[in-house]
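Remarks on the structure that follows.
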Amino acid sequence: RLYNAQEILIDRFTYILFSPKQGDVVVFRPNGNENAHYYVKRVIGCPGDTVLIKDGVIYINNVIYDENGMFDHAEYAGIAENMLTLGDDEYFVLGDNLNDSEDSRSSNIGFVKKDYIIGRAWFHFSSVNGDPAGFIK
């Protein structure tokens, strides 16, 4: 998991050759707005996927999505309260701290187009015992 104030490196080259995939942590500017700050979120939906959040459960292509138990019960479904289908260059992203995150569920961010993705987040951190801890919003 990622957490606030964590320092990351951005791989700007991988997505020149490849597309983001489910589970990748991407860095983007919402709606491509050059004046907006960078967002760092995890991809859960890729082009052509369907996304639905119902009764706090995340569904991708009608299958429960559970990234190794990473995501809590989603208190807020936002625009995903109804089934959404991602377009050819669209991604659905969520913050690791699901219930305190502005992400694709918000109409202010919505689907993230591939052109708005700056790169893949590379990160390095360790806690006192060497295990990662915390979240990024």
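The values are calculated or read from the model by the stated rules, or taken from the named source; none is laboratory data. Because the structure is a prediction, the values reported are computed rather than measured. These accessible areas exclude ligands, DNA and RNA; they are computed on the full protein's heavy atoms, side chains included. Shrake-Rupley method; radii C 1.70, N 1.55, O 1.52, S 1.80 Å.
Numbers at a glance
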read-out: Heavy-atom SASA rank of 18, 111, 71 (probe 1.4 Å, accessible area, largest first); value: 18, 111, 71
read-out: Eligible aspartates and glutamates near residue 54 by straight Cα distance, threshold 16 Å, same-chain separation 8 or greater; value: 66, 72, 75, 81
read-out: Accessible heavy-atom area order of 44, 10, highest first, probe of 1.4 Å; value: 10, 44
read-out: Partners for residue 113 among aspartates and glutamates (Cα-Cα distance below 16 Å; same-chain residues under 8 apart left out); value: 24, 34, 49, 88, 89, 90, 103
read-out: Accessible surface ranking that places the most exposed of 60, 118 first, with a 1.4 angstrom probe; value: 118, 60
